[in-house]
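Let me begin by presenting the structure, written as structure tokens, before commenting on it.
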Amino acid sequence: MSRFRLQPSPAQEQGLAGHCGHARFVWNLAVEQYRHWKPGRTSAPGFAEQCRQLTEARSAFGWLRAGSVTVQQQALKDFAQAMANFFGGTHRKPAFRRRGRAEGFRIVAVKPGDVRRVSRHVGEVRVPKVGWVRFRWSRAVGEGVKSFRITRDAAGRWHVAFAAIPDPVPGPGTGEVVGVDRGVTVSAALSTGELLNAPALRDAERKRLLRLQRKLAKAKRGSNRRARVKAAIARLKAREADRRKDWAEKTSTGLARRFDVIAVEDLKVRNMIRSARGTVEAPGRNVRQKAGLNRGILAAGWGRLVTRLEHKAPGRVRKINPRFTSQTCNACGHVAGESRESQALFLCVACGHRDNADVNAARNIRDTVPGHGTAARGGPPLGGPVNREPQSELLIA
């Protein structure tokens, strides 16, 4: 997926926003239909039936007819695919879309002449009922593009993403294996001893963000001042997200080029970042601490890093059981939670082996690959039966 920054004019921006609103409206209507659908009593409306209903709605409402039927029908097609994924058990149930969050629409059946290059750094894409919209040509656009998606983020920036499958990054062919331990303080520790950290906001930016959040708390809801403060906060958050994405892209590319096999822990990140607040009847415990931990996990880019590794190095990423990787001594194989004295220090209580705790865990992850480390020496496999209760990897990672 090649993503580019759009440069629309004010009039074109209004047209793009109208397409986003129409796509969101049609999507929400489809969600509402399925909410009232009762399995076994009535048949669920399919894509063809919803398209017929859309034609009737366009003839009845001029504001809907003023939009692009291509955009609106594609929103229904995307919803049909989302429901198929839900029934297939691979995705969650489609939910309502909110204005200002994840705004966008998709165009398919793109003709070869709908994307063209104007100059070295400028390209244009044809959008129905909007015309030619310019974008920054920052990289090569894949050949044979059949569809693209236009999105608007919380900071008000427009992007276009062309659906294209890039070639995988070739490995070095040396057979070298690396283990990657993901953490909060250290975003990614490698078995080679390298400690990698995802970039965050600078000190001055964090202070400014804190001031803006205080202003937002005092601003009156619905006021122009509140809207300006929210936009300023969104720009800072977008800057932080851009840095994190850039770090994940460069780190994943570097790992794919340097190593033939990349071993990572099989962490259920979505489950790990669930809120601990509970309900009114059964409130959670340590809610603020858990919320801070959730923010740290998201800021470290755990999920994005592994996802991009799987895209760039298909078949070369090994997901292993995370059980006891942080409590096992890489030198002697002794398992003890007391060996990890702090976040950074691992001191084995059996043999006295001393190492960085994250690097020790990364080497344990690497050693799970057949032919390396403990597995090659005939030592006990990680995650095997031991005579003690496992401690939460979430709390000590």
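Among the numbered conditions (1) outside any helix (DSSP H, G or I); (2) more than 25 Å from the chain's Cα centre (by Cα); (3) in contact (Cβ under 8 Å) with a residue 12 or more places away in the chain, the only one that residue 4 does not meet is (2).
On the stretch given as region 198-220, residues that are more than 23 Å from residue 187 (Cα to Cα) and loosely packed, with under 14 Cβ neighbours inside 10 Å total 7. Looking across region 160-185, the residues that are among the acidic types (Asp, Glu) and surrounded by fewer than 17 Cβ atoms within 10 Å (Cβ to Cβ) come down to 167, 176. The residue that is farthest from residue 84 (Cα to Cα), counting only those in region 15-54 that are among the polar types (S, T, N, Q) and surrounded by 12 or more Cβ atoms within 10 Å (Cβ to Cβ), is 53.
Would region 279-297 turn up any residue that is assigned by TED's automatic domain parsing to the domain that holds residue 248, in contact with a helix residue (DSSP H, G or I) (Cβ under 9 Å, 6 or more places away or on another chain) and within 19 Å of residue 365 (Cβ to Cβ)? Yes, region 279-297 contains a residue that is assigned by TED's automatic domain parsing to the domain that holds residue 248, in contact with a helix residue (DSSP H, G or I) (Cβ under 9 Å, 6 or more places away or on another chain) and within 19 Å of residue 365 (Cβ to Cβ).
Against the list (1) more than 29 Å from residue 202 (Cβ to Cβ); (2) touching a residue at least 12 places away in the same chain (Cβ under 8 Å); (3) not hydroxyl-bearing (Ser, Thr, Tyr), the condition residue 268 fails is (2). So, residue 178, is that one of a type in the set (A, V, I, L, M, F, W, C) and outside any loop (DSSP other than H, G, I, E, B) or not? Yes. Scanning region 308-329 for residues that are of a type in the set (S, T, N, Q) and surrounded by fewer than 17 Cβ atoms within 10 Å (Cβ to Cβ) yields a single hit, 321. Confirm whether residue 153 is more than 30 Å from residue 318 (Cβ to Cβ) and touching a residue at least 24 places away in the same chain (Cβ under 8 Å). Taking the combined requirement at face value, the residue satisfies it. Condition test on residue 230, is it outside the structural domain of residue 299 (by TED's automatic domain parsing) and within 22 Å of residue 158 (Cβ to Cβ)? Answer is yes for this residue. The residue that is surrounded by the fewest Cβ atoms within 10 Å (Cβ to Cβ), among those in region 223-282 that are among the small types (Gly, Ala, Ser) and in a loop (DSSP other than H, G, I, E, B), is 282. Residues in region 155-175 that are assigned to a strand (DSSP E or B) and farther than 29 Å from residue 259 by Cβ: 4 in all. If you filter region 129-159 down to residues that are under 21 Å from residue 77 (Cβ atoms) and over 29 Å from the mean Cα position of the chain (by Cα), you find that the one that is surrounded by the most Cβ atoms within 10 Å (Cβ to Cβ) is 130. Anything in region 56-83 that is more than 17 Å from residue 128 (Cβ to Cβ) and either more than 30 Å from the chain's Cα centre (by Cα) or hydrophobic (A, V, I, L, M, F, W, C) (or both)? List them, or say none. 56, 57, 59, 60, 61, 62, 79, 80, 82, 83 - these are the residues of region 56-83 that are more than 17 Å from residue 128 (Cβ to Cβ) and either more than 30 Å from the chain's Cα centre (by Cα) or hydrophobic (A, V, I, L, M, F, W, C) (or both).
The values are calculated or read from the model by the stated rules, or taken from the named source; none is laboratory data. Predicted model only: the values in this text are computed from it and were never measured. So basically every Cβ, Gly included, is an ideal-geometry build from the backbone, and we count neighbours across all protein chains shown.
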